[in-house]
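Please find one structure pasted underneath; my questions will follow.
The values are calculated or read from the model by the stated rules, or taken from the named source; none is laboratory data. Just so it is clear, the model here is predicted, and its values are computed rather than measured. Positions of Cβ are generated from backbone atoms using ideal geometry, with glycine treated the same way; all protein chains shown enter the neighbour counts. SASA here: full protein model, heavy atoms, side chains in, ligands and nucleic acids out. Shrake-Rupley method; radii C 1.70, N 1.55, O 1.52, S 1.80 Å.
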Amino acid sequence: MEKTLSDIQGRPATEGRPATEGLLATEDPWADGGPLNTLCGDFDLTEIIDGEEIVAYSPLFEHQDVLIKIAAKIIIHLQYNKVGEMFLSPLDVILEEGRQRLQPDLIFIRNERMSIAQDWIRGVPDMVCEVVSTGSYRYDAIKKRKIYEDYGVSEFWLVQPEHKAIEVFVIVNGRYVRHCAAAEEGVINSVVIDGLEIDVRDIFAKERFVRDFVRDKE
């Protein structure tokens, strides 16, 4: 249920008294615990890496365009293969409280491990995906990948829109090895999400994605 200003103030708005009356009276509505801070808390893009807070900018159009196409493919697959659930950022994955609190672009958790999906994800998901934005390669492909590896995330997808490429890594003996990859054309597949295959042309070619999405829904 969505929060309203009246809910946050702890009393209903009545006729003749604006719902924002308590808000305007607040000394600093953006302070911790203030009504505007509370309303916007669900959209915090702050991550904690090695105990240090890292504030990210909102993603660019190309990033979101690619992410939505990947998510749509997975959602369609999960409608017919109910092996788990998928979630999108911003959603915190708390691998270690106070030290590693990340927001992968896409998260997948198998049914038998759904107990880690609480207020946030408290534990190690089965698969995460990071879509590289301009200037974020070292952060996503090196720093965050190493954290996912160290905490045992079974499968890691690295998506590079600039190169129209997707790489899939899986854990082998505690370290990531590349399971498959495709750039501009070709098919990648998942070990964790049983039966999932994606043609990268469906992700990076807009007209193809729309046509195939309509076909899949028929």
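Sticking with the crude label model, points 7 Å out along Cα→Cβ, report the distance from Arg178 to Ile142 in nm, one decimal please.
1.7 nm
Quick check: net charge around Asp140, other residues with Cβ under 14 Å of its Cβ, Lys/Arg +1 and Asp/Glu -1?
Surrounding charge for Asp140 is -1.
Let me ask another. For the residue pair Thr134 and Glu185, what label-to-label distance in nm results when each label sits 7 Å from Cα along the Cα-to-beta-carbon direction?
Result for the modelled spin labels: 2.9 nm.
I've got another one for you. Just how much of Lys82 is accessible, in Å², when a 1.4 Å probe is used and the result is rounded to the nearest 10?
It works out to around 150 Å².
Just to verify a number: what accessible area does Val172 come out at with the full protein assembly present, 1.4 Å probe, Å² rounded to tens?
Answer for Val172: close to 70 Å² accessible.
Taking 0.36 nm per intervening residue step and subtracting the Cα-Cα distance, what contour gain separates Leu88 from Ile75 on full extension?
3.5 nm
Over the stretch 91-218, give the accessible area per residue in Å² for a 1.4 Å probe, as an integer.
Computed with neighbouring chains in place, this is 49 Å² per residue.
How would you order 185-191, 101-107 from highest to lowest mean count of nearby Cβ atoms within 10 Å?
101-107, 185-191
Still on this structure: With a 1.4 Å probe and all protein chains kept in place, how much accessible area does His163 have, in Å² rounded to the nearest 10?
Rounded to the nearest 10, that gives 100 Å².
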